[in-house]
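Inspection log for the structure reproduced underneath, given as structure tokens.
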Amino acid sequence: MLIAVWIVSIGFMLISLSAMAVLIIVRAVTAARSMRQAEWRAEALERIFKMLAEDSTVQLPARTPRGYTRLLTGLASDLLALLRGLEHGQLVEIFQAAGVREILIGDLRHWNARLAQAAAENLRHFRSPESVAALRQTLTHRTPEVRLAAALSLAEMKEAPPVEELVRILDIGSAEQSRLAVELFRRLAHREFETILAIAADRSRPALLRLMALEALAEQRDPRLVAVTSAIARDETGDIASQAVRFLGALGDRSVAPIISAGLQSADWRVRVQAATAAGRLGLGELSEQLTELLDDDAWWVRHRAGEALGSLREGGIEQLRAVSAGGEDRSRRAASLALDTRSVVARG
Amino acid sequence: MRDFLVTALHVVSIGVIFVGLVQVLVYLAEIILASRALIVRPPLGESSILWRRYGDLTPPVAVIAPAYNEEKSIVGSVRSLLSIQYPSLEVIVVNDGSRDGTLAKLIEAFGLERIERSFEPAIKHRPIHGLYASPRYPQLLVIDKENGRGKADAMNAGISLSRAPLICAIDADSLIEPDALMRAVRPFVDDPERTIAVGGTIRIANGCKISGGRVAEIGLPRNVLALTQIVEYLRAFLLARLAWSRMETLMIVSGAFGIFRRRAVIEVGGYDPDTVGEDLELITRLHRYNRERKRDYRIEFIPEPVCWTEAPETLEGLGKQRSRWQRGAMETLFKHGDMLFRRRYGRVGSLGLGHIFLVDLIGPPVEVLGYFIIPLAWAFGILAVDYLLAFLALIFTFGVAISVASLVLEEIELRRFPKARDLLVLAGVAILENFGYRQLSNFWRVRGMYQYFRGVKAWGDMPRLGLAG
């Protein structure tokens, strides 16, 4: 038994050392190739930049180095993300002529998920029926990150399946909790605003899914959002209610003042925090009394946001802060003073 | 009497070999788990892809850097922190009662003025003397506070003052790679509900070319101790942390680079200023708190985001550091000993703390005991040669195999060392470290245990050359 430990250890050590020796040799041998690849990339970049500067045509250098396909897709990924408009179109043509689209479609089935994900992200530049078909197939890839990347590319190409189908395939809000889903909803909002809004309003859906749908829509400042968001803020509790109140502040519609006022009285401090922030953003001077009361709230964040909100009100807020800082209760006096001090620093900045 | 001595030596030898064997089996399991974790880890991609993918979705982060007597390097360090590429970043430097000109240097270099700032008094810390900011650097806040005898108290002050939902703990004299935050924050975007802490890799910057507060070229140091620590860190991060993270029992997120959900840290009361292993203790407490409330949570390690740190190059400095780490492990183990092997704490109690119990508490003294007992007993003809061979196997041959295996993983999956010659040198170090350095390291750990039982609490100064200065 003890001798076996010795023998196994020798065997294991020899395996490790042999593997390391092979890797060192491989590294030494591939060093020259890496140098050739760097030279190829430099020459390709030079030709491309010359083409962009002179508005001429260009051919990429001949495919000499090994590892050419990775080099080509890497270059395409870097450059296509940087450029827009005509120049972007020119580059797409160059890389398409070099066969990048076919390489990327092949990469979608690569065993290495990193390559598959990069391919799914970069195929959005090469709009064609083949690209769309390959990306749609990738929506059922074994790796969630690759599935989501394919969905995002399809959405950007305006070729995504209906939102409800995507939610089902990707299991957004349940198995798929990534915030990248917010980005996906944003890209689909122009096409299926009502559907995403209905998802946000549907109480039978997972709370996370509803929050992500609401967040994606909130930036749109669409008046249709006000009613649904107000209903969520009024009827829900906890995190979903506080986020709804936050989005109400971002929508810029002062008619939501009663909902914000109710939020300022919520038993949940997270809702009070967001309601105070929203009151400040919307400039709801009529809520200044309530905000002043919150300067003495038990939760620090509520006191802080109430002070900030009062400071940002056009009329009456600063006067309220000054009055409280001069003679209020200890806690509220300090909150008011700090809000005034912070304002003066910001103003100087 | 001789019979008793022989029997006792046999029993002790079998005990030493058994403990060594269990440790080796744990390391072998780590190699398998870490390999699998590296192969199937979620795709991350280049920095440009990360920005496109996550740029609009990343939560704000407050980077908190405690500084104590760092006047030589603090300005360069802060410039380096301000250059981190991240969409919404706040840099909080905590001057922890420095006795030198750390604060004055900061005020002069960044045009700081004293300000008032309201903050949530969520965690206890030593009194704050003043807060400083500058309109020229709106994302920079400097906290000047009374010395709190360690990093924990300074971190607590930083956490109290921060307003971002995520906080990033780093050492002021470390260098974070520009895209490291973007990479490290991924779990908070991909799994925002459950993720409470994420750790990245710490690498040794000695020997690297530093320019503009960044590692411009990766190289190897000439100092043998620093070289050895490179292999040691690879083993610790690429094998151990990756493997334990894979099993959801990661027990430490390094204080030199870790990201936490601020609310989660506040819930457990922040860092414990009464321990010198505050990073290990905080993670253990986060596990305890969330397990006791049956919450579904994640504490994860990601190998790609890298923070560079300066390794001690003298025996004295390294010895002090290792003894302190040992004391920290002991403090955590004894403080949370009631979690050990308790069903309520699941695999955190059995595997996570069990690993610390085996590797940090039992392992070092048993190995040191073995160095004396087994060769001597064999030399006097009391022990058969197979005992000696088994002991040598556990210490040396398995040691070499495990160290080299971590290098193999690094080369296959990460390839951060630019030259084949670097790999050759490190492979040599991975072999040689088992003959001398390993023994020294165990001696320092046993000394740390002795210090723990004697109630030593001091951090001890570690002379640094400074990376970013």
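Here is how the numbers come out for the structure above:
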{"item": "Debye log10 I(q)/I(0) for chain B, one point scatterer per Cα, at q = 0.06, 0.10 Å⁻¹", "result": "-0.27, -0.74"}
{"item": "Listed peptides B:175-186, B:430-441 by packing density, highest first (mean Cβ within 10 Å)", "result": "B:175-186, B:430-441"}
{"item": "Mean shadow area of segment B:44-162, taken as a quarter of the surface of its Cα convex hull (nm²)", "result": "8.3 nm²"}
{"item": "Cα long-axis angle, helix B:2-40 against chain B (0 to 90 degrees, to the nearest 10)", "result": "40 degrees"}
{"item": "Neighbouring partner chain Cβ atoms per residue of B:395-407, average, 10 Å criterion", "result": "5"}
{"item": "Trypsin sites (Lys or Arg not before Pro) restricted to segment A:17-77 and DSSP loop, no more than 13 other C-beta within 10 Å", "result": "A:Arg63, A:Arg66"}
{"item": "Label point distance in nm, B:Ser88-A:Ala262, each placed 7 Å from Cα along Cα→Cβ", "result": "2.7 nm"}
{"item": "Rounded to whole Hz, the Karplus (6.51, -1.76, 1.60) HN-Hα couplings of segment B:376-383, x for glycine and proline", "result": "5, 4, 5, 4, 8, x, 7, 10"}
{"item": "Furthest towards positive pole of dipole, B:Pro221, B:Gly15, A:Ala118, structure part the protein assembly as shown, Cβ charges", "result": "B:Gly15"}
{"item": "Inter-centroid distance (Cα atoms) of segment A:272-305 relative to segment B:53-89, Å", "result": "31 Å"}
{"item": "Options A:Pro162, A:Ala200, A:Ser174, ranked by Cα towards positive dipole end of segment A:149-200, top entry (Cβ charges)", "result": "A:Ala200"}
{"item": "Under Karplus coefficients 6.51, -1.76 and 1.60, residue-wise ³J(HN,Hα) of segment B:248-259 in Hz, glycine/proline x", "result": "6, 10, 5, 9, 9, 10, 4, x, 7, 6, x, 10"}
{"item": "Using alpha-carbon coordinates, inclination of helix B:437-453 to the longest axis of chain B, degrees", "result": "70 degrees"}
{"item": "Within segment A:177-280: Cβ-based charge dipole about Cα centre, in debye rounded to nearest 20 (Lys, Arg +1; Asp, Glu -1)", "result": "100 debye"}
{"item": "Radius, Kirkwood style, for the protein assembly as shown when every pair of distinct Cα atoms is counted (Å)", "result": "29.5 Å"}
{"item": "Highest average packing first - B:347-360, B:330-343, Cβ atoms within 10 Å", "result": "B:347-360, B:330-343"}
{"item": "Cα pair count fraction exceeding 19 Å, expressed as % - segment A:87-160", "result": "26 percent"}
{"item": "Overall form of segment A:201-293 per C-alpha gyration tensor (a/c, 1.5; a/b vs b/c)", "result": "oblate"}
{"item": "Rg and Dmax of segment B:302-355, Cα atoms only, in Å", "result": "15.6, 44"}
{"item": "Peptide B:22-29 - average C-beta neighbours from other chains (10 Å radius)", "result": "1"}
{"item": "Charge dipole of chain B about the Cα centre (unit charges at C-beta), most positive-ward option of B:Val306, B:Gly212, B:Gly349", "result": "B:Gly349"}
{"item": "Whole-percent pair-distance distribution, where bins are 5 Å wide, for the alpha carbons of segment A:93-233", "result": "2, 11, 21, 20, 17, 12, 9, 6, 3, 1, 0"}
{"item": "Using alpha carbons only: equivalent-ellipsoid semi-axes of segment A:8-122, gyration tensor based, whole Å", "result": "36, 18, 10"}
{"item": "Nearest-20 debye value, segment A:1-132 charge dipole, Cβ charges on Lys, Arg, Asp, Glu", "result": "400 debye"}
{"item": "Nearest-20 debye value, chain B charge dipole, Cβ charges on Lys, Arg, Asp, Glu", "result": "620 debye"}
{"item": "Value in Å of the Kirkwood radius, where chain A supplies the Cα pairs that are averaged", "result": "24.9 Å"}
{"item": "Euclidean distance between Cα centres, segment B:389-418 to segment A:109-147, Å", "result": "37 Å"}
{"item": "In Å, descending, principal axis extents of the Cα set of segment A:256-342", "result": "31, 26, 18"}
{"item": "Protection proxy ranking of B:228-237, A:215-224, B:84-93, A:153-162 - average other beta-carbon atoms within 10 Å, highest first", "result": "B:228-237, B:84-93, A:153-162, A:215-224"}
{"item": "Tilt relative to chain B, helix B:278-292 - C-alpha long axis, 0 to 90 degrees, to 10", "result": "90 degrees"}
{"item": "Estimated FRET transfer efficiency when R0 is 25 angstrom, pair A:Asp171-A:Arg127 (beta carbons, to 0.05)", "result": "0.35"}
{"item": "Between segment A:230-248 and segment A:1-45, the Cα center-to-center distance that results, in Å", "result": "57 Å"}
{"item": "Per-residue ³J(HN,Hα) for segment B:294-305, Karplus 6.51 cos²θ - 1.76 cosθ + 1.60, θ = phi - 60°, Hz, x for Gly and Pro", "result": "6, 8, 8, 9, 9, 10, 10, 10, 10, x, 6, x"}
{"item": "Cα gyration tensor, segment B:104-159 - rounded (a/c under 1.5), prolate or oblate", "result": "prolate"}
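Taken together, the values in this text are just the output of simple stated rules run on the coordinates, not laboratory data. Quick caveat: nothing in here was measured; it's all calculated off a predicted structure. Virtual Cβ from ideal backbone geometry, glycine too; neighbours counted across all protein chains shown.
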